[in-house]
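The values are calculated or read from the model by the stated rules, or taken from the named source; none is laboratory data. The model shown is predicted, which means the values in this text are computed figures rather than measured ones. For neighbour counting, all protein chains shown are included, and Cβ atoms are generated from backbone atoms with ideal geometry for every residue, glycine included. Remember, those area values only see protein heavy atoms, side chains included, never the ligands or the DNA or RNA. Shrake-Rupley method; radii C 1.70, N 1.55, O 1.52, S 1.80 Å.
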Amino acid sequence: MSNFDNENARRSRDRELGMDRNITRRDFLNGIALGVGGTLASPWLGGLLAAQMPAPSAQERSGYYPPTRTGMRGSHPGAFEIAHALRDGTFWETAGKRVETGEEYDLVVVGGGISGLAAAYFYRKQSGPSARILILDNHDDFGGHAKRNEFHLDGRTLLTNGGTVAIESPFPYSKEARGLLTELGIAPPALQKKYSGNAAFGGLGFGYFFDKETFGSERLVTNAPGGFYGRQGTSGKWADFLARTSLSAQAQQDIARIQEAKIDHMEGVPQEQKKARLSKMSYKDFLLNVVKAHPDVIPFYQTRTHGLYGIGIDAVPALDCWAIHFPGFQGMGLDRVPSKGLSFTALGEVTPQEEYHFHFPDGNASIARMLVRSLVAGAAPGNTAEDIVMAKVDYSRLDHKDSPIRIRLNSTAVLARHVGDSSSAKQVEVVYGRDQKAYTVRGKGAVLACWNMGIPFLCPDLPAEQKEALHYGVKVPLVYTVVGLRNWTAFHKLGVRGVSCPGMYHSSMNLDQGPSIGDYKPSQSPDEPILVHMLRTPCQPGLSAREQQRAGHYELLATPFETFERNIRDQLARVLGGAGFDPALDIEAITVNRWPHGYAYEYNPLWDPDWPEGKRPCDIARRRFGSITIANSDASAAAYTDQAIDQAYRAVQELFSR
Ligand SMILES: Cc1cc2nc3c(=O)[nH]c(=O)nc-3n(C[C@H](O)[C@H](O)[C@H](O)COP(=O)(O)OP(=O)(O)OC[C@H]3O[C@@H](n4cnc5c(N)ncnc54)[C@H](O)[C@@H]3O)c2cc1C
């Protein structure tokens, strides 16, 4: 075909997919907010838009309510440019006039995620209700990765998580983290008993979509046995399921063997040695070299680790995959006890703890919202874990001059430095960029509850060894796409609530599983609107985990919204088209929660050394520096909510113990 024909074919396909349809993402051009209530939503967009910047603060304007924004969310445009300019050494050249606010606080917190909010909570608890605290965050909303996505479709409010969903963590919560939840009024096991998942999905199973580019021909195969993680799905035989796919006979035979056969693939090797070997080989290598499976099985399993690890089976140790219930190990006699060679996540999987799966409809954004309600009087009505779900936060209250605790959004900290010598200074000066100016505030102490890799730029006086340690981890990029659909009749007809798509742009799609709670009712029947979650992790198999994460970070920042949208529409059409799904008619809204700096980097025996106790990079990175302490989940190299809270507690204790 000529270029002209190609272009015509693309246009025609775009029309079929509905790329021209007016859905709720049209306020955004490649994620840049063009007009929200007649004002600009992202106040730092470089010189281009400088003249129209809102002043003094977007969050004080009426109608400011970021949870309902669609288009490119997560690390949205406007959130990261200052930090990148600081990294590239160009920020101060263009920073404009430095403004002395004259504001003085007991504590300045950098980062308004769960860790920063928890740090403010613990500080106030210890210091008393009059403690003056300022929390700075570069995003237009608080909560960090615990982000609320709120949709209004066909008169119905639908909520979901744009990032963090589960309260449950690999290990039991510490006394402090559990205590914080209890004080806020969150008791997950009790909530679980009262509010379980959506009963409307009863009877729906899981399927796999085999795309032609990866598997040679295109097919959706439903009623998958064992589900995605061996925990859900039908009790049917794998051989019967595989016979309905287009996989080669050898691949079918090998997958059935991996899934069901009880074979000891390392017969005669003592248990500890088996575990040690498995911790040093990838799951992919285990399948190919130990199980001796045909290479055709790899595409079937390749993306199975994406959700939990953000990388494929080429970069996750086989021992971790055993711990998280992947198949192939059932005949190997491995005891489910904590042992060396497991990553944090996998170690938690073999450590007993109370089981509950309750999560809020907007995930842990509800925890962030309850923290904010507790910290700032008048921020949100109500006082229970139930009423927070539908409570509307009044953003104009968050940075109010009369409030002892203030949360300042759209504000990127660019400098945290002692006023005087770090060993004796009585104050820390914190400078943040907003509205093309640099503003200075002061605190008796500062907690940096932001990301480790940014701290050396923000805090140039840190010792060199600590800076190096802060740079070690590379946060894991991933995308949680949320699509608002007019109805879910296609899913219902096909009998699926989730589909694994191992070869496609998004590796899975699932109906939103949020529970009814308080006044919130998610979709109850297939003809009602619903939200669909799609997962994309931009990995590059063949590279080390850290290199894959670096490459993915750049890919996410370079990918325009239009590319996401076209892929989303194409994928939904191909997977669900057989049941009458029409992307041009059925898609009502799209939000791409892009997290170039997502999960905290967890140490992985395939790629990282086995450091002695207390010598891991995160141990060195989180050392107190005078009146500046370091919180956030990177500080424990573990991407979990309880870790973010624990690190906040430690960081605050370090300030008080000074
Ligand atoms: C997609 C996704 C899904 C997840 N799912 C789960 C889950 O189900 N369960 C679970 O327990 N954990 C989950 N996690 C991990 C969990 O979200 C984190 O461990 C926890 O929320 C981290 O909190 P934090 O405050 O340390 O960091 P963050 O939430 O990242 O908050 C830090 C904040 O600081 C801001 N910041 C950074 N630099 C600056 C600066 N210079 N100035 C101002 N602000 C700055 C950041 O933009 C961010 O808003 C998930 C993470 C991601 C990305």
Scanning region 443-472 for residues that are over 16 Å from the mean Cα position of the chain (by Cα) and within 20 Å of ILE645 (Cα to Cα) gives GLY445, ALA446, VAL447, LEU448, ALA449, ASN452, MET453, GLY454, ILE455, LEU470
Restricting region 412-423 to residues that are away from the ligand (no atom under 12 Å from the Cβ) and not aliphatic (A, V, I, L, M), which is nearest to GLU81 (Cα to Cα)? ARG417
Only listed residue being over 20 Å from ASN593 (Cβ atoms), of a type in the set (Val, Ile, Thr) and touching a residue at least 12 places away in the same chain (Cβ under 8 Å), chosen from VAL476, VAL496: VAL496
Would you confirm whether any residue within region 424-431 is part of a strand (DSSP E or B), within 12 Å of the ligand (Cβ to nearest atom), touching a residue at least 24 places away in the same chain (Cβ under 8 Å) and not basic (Lys, Arg)? yes
If PRO172 passes every condition in (1) closer than 27 Å to LEU485 by Cβ; (2) assigned to a loop (DSSP other than H, G, I, E, B) but one, which one does it miss? (1)
Which condition does SER130 not pass, out of (1) within 16 Å of the ligand (Cβ to nearest atom); (2) modelled with pLDDT of 95 or more, if it passes all the others? (1)
Condition set more than 20 Å from GLY63 (Cβ to Cβ) and open to solvent by 10 Å² or more (accessible area, probe 1.4 Å), scope region 139-160, selection farthest from the ligand (Cβ to nearest atom): answer is ASP154
Based on what the data block shows, is ASP314 closer than 25 Å to MET509 by Cβ, open to solvent by less than 30 Å² (accessible area, probe 1.4 Å) and touching a residue at least 24 places away in the same chain (Cβ under 8 Å)? yes
Which numbered condition GLY484 fails, given (1) open to solvent by 10 Å² or more (accessible area, probe 1.4 Å); (2) at negative phi; (3) not hydroxyl-bearing (Ser, Thr, Tyr): (1)
Return the only residue of VAL447, VAL499, VAL441 being closer than 30 Å to THR222 by Cβ and crowded, with 19+ Cβ neighbours inside 10 Å. VAL499
Tell me which residues, restricted to region 118-138, are open to solvent by less than 10 Å² (accessible area, probe 1.4 Å) and outside any loop (DSSP other than H, G, I, E, B). ALA118, ALA119, ALA120, ILE133, LEU134, ILE135, LEU136
Those helices (runs of 4 or more DSSP H) completely within region 200-264 that have 1 or more residues that are at pLDDT below 95, of a type in the set (A, V, I, L, M) and open to solvent by less than 40 Å² (accessible area, probe 1.4 Å) are none
I'd like to check something: does region 335-352 contain any residue that is of a type outside the set (Val, Ile, Thr), open to solvent by 10 Å² or more (accessible area, probe 1.4 Å) and within 30 Å of PRO404 (Cα to Cα)? no
Spans of helices (runs of 4 or more DSSP H) in region 551-658 with at least 1 residues within 16 Å of the ligand (Cβ to nearest atom) and buried (at least 24 other Cβ atoms within 10 Å of the Cβ): 561-576, 617-621, 641-657
Residue check, MET72 against (1) surrounded by fewer than 22 Cβ atoms within 10 Å (Cβ to Cβ); (2) within 16 Å of the ligand (Cβ to nearest atom), all met but one. Which one? (1)
Pairs only if they're at least six apart or on different chains, beta carbon under 9 angstrom, first in region 164-180 and within 15 Å of THR345 (Cβ to Cβ) and open to solvent by less than 20 Å² (accessible area, probe 1.4 Å), second within 13 Å of the ligand (Cβ to nearest atom) and outside any loop (DSSP other than H, G, I, E, B); list them, first residue then second. SER169/ALA177; SER169/GLY348; SER169/THR641; SER169/ASP642; SER169/GLN643; PRO170/PHE344; PRO170/THR345; PRO170/GLY348
For region 395-411 the number of residues that are part of a loop (DSSP other than H, G, I, E, B) and open to solvent by 40 Å² or more (accessible area, probe 1.4 Å) is 4
